[in-house]
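This report concerns only the one structure given below.
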Amino acid sequence: MEEAPDGCPGADSAQAGRGASCQGCPNQRLCASGAGAAPDPAIEEIKEKMKTVKHKVLVLSGKGGVGKSTFSAHLAHGLAEDENTQVALLDIDICGPSIPKIMGLEGEQVHQSGSGWSPVYVEDNLGVMSVGFLLSSPDDAVIWRGPKKSGMIKQFLRDVDWGDVDYLIVDTPPGTSDEHLSVVQYLAAAHIDGAVVLTTPQEVSLQDVRKEISFCRKVKLPIIGVVENMSSFVCPKCKKESQVFPPTTGGAEALCQDLGTPLLGKVPLDPHIGKSCDKGQSFFVEAPDSPATLAYRNIIQRIQEFCASQQPHRENLISS
């Protein structure tokens, strides 16, 4: 199919090929015939490809700038500290790929082999894939409509040769848009363990998290839990704790109680986190005794425990 026009009702809609926005579309006849509603064959191909990936975790946020990519990168770093654990980090923030910078991989390029695209490796057991590796310059803008973004995500999931992986961490853009629908659709048959939702304490961020949790429930995506990032600042000298972003409505803790969603933990602000990301290094190495490092480690342990509890369900799906 060629690129869909604005206002496209979708190939699986009853108005496919018949709506006002369909007039003049090159796909109009195909959609009206019902052929466009057929399942995408890539879903089965991706299911087959993902048989070598044990656990798949999406990292979501309703609001931009809450530290989602930073969390995704450090979740991957933390899991990969065990040399026997193979970790993959997939960046599907097509228009704002920051993972290459955070992981210290700016300027790296993707290589192709007979078995597909090869990830860029930070360590022997930590591979990364991002649209940022496909750009000639980190300053290049990616100006794509939804169908082209979805095609890129499909290609990442189907064509990247991850090998045997224990954890696939998927860093998504903020919101609930084409990228989120695409990754959930393409991975549905392969079983997603769940989603981690990032927020900051203030209500303006929590409002969008409610929408994100609603999205997860509508598409039947399990919610591993919520992480409150930048929850407070602990002075490294006097150890006094300050609320930089006051939780005027109770923060993530109150939200999780209202919605019946687990709170995985609260990560305090630490200037070392930003410095580590700018240098492309793991914050855990730079500040191993920081309260933020300890919070991260507790959260990572809870995510591991959740994924381990999903393993019997996954094995039942594979055998059925």
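The values are calculated or read from the model by the stated rules, or taken from the named source; none is laboratory data. If you're wondering where the values come from, they're calculated on a predicted model, not measured in any experiment. Neighbour counts are summed over all protein chains in view; Cβ atoms, including those assigned to glycine, are modelled from backbone coordinates with ideal geometry. Areas reflect the complete protein model, heavy atoms only, side chains present, ligands, DNA and RNA absent. Shrake-Rupley method; radii C 1.70, N 1.55, O 1.52, S 1.80 Å.
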Under 31 Å from the mean Cα position of the chain (by Cα), modelled with pLDDT of 90 or more and under 25 Å from PRO174 (Cβ atoms): does that describe GLY7?
no
Pick out the one residue from MET129, MET152 that is over 24 Å from GLY225 (Cα atoms), among the aliphatic types (A, V, I, L, M) and assigned to a helix (DSSP H, G or I).
MET152
Between residues in the stretch 276-288 that are touching a residue at least 24 places away in the same chain (Cβ under 8 Å) and residues that are open to solvent by less than 80 Å² (accessible area, probe 1.4 Å) and assigned to a loop (DSSP other than H, G, I, E, B), which pairs lie under 8 Å by C-beta distance while being six or more apart or on different chains?
LYS279/GLY104; GLY280/MET103; GLY280/GLY104; GLY280/LEU105; GLN281/GLY104; PHE283/ASP270; PHE283/SER290
Between THR176, THR172, which is modelled with pLDDT under 95 and within 23 Å of ILE303 (Cα to Cα)?
THR176
The stretch 68-97, residues that are open to solvent by 10 Å² or more (accessible area, probe 1.4 Å) and either of a type in the set (Gly, Ala, Ser) or in a helix (DSSP H, G or I) (or both)
LYS68, SER69, THR70, HIS77, GLY78, ALA80, GLY96
Consider ASP140 carefully, then state whether it is at pLDDT 95 or above, over 15 Å from ILE92 (Cβ atoms) and either open to solvent by 50 Å² or more (accessible area, probe 1.4 Å) or of a type outside the set (Gly, Ala, Ser) (or both).
no
Of all residues making up the stretch 173-202, the number that are within 26 Å of GLY250 (Cα to Cα) and either within 9 Å of the chain's Cα centre (by Cα) or crowded, with 18+ Cβ neighbours inside 10 Å (or both)
12
Considering residues that are surrounded by 18 or more Cβ atoms within 10 Å (Cβ to Cβ) and either part of a helix (DSSP H, G or I) or not basic (Lys, Arg) (or both), the number found within the stretch 264-301 is 21
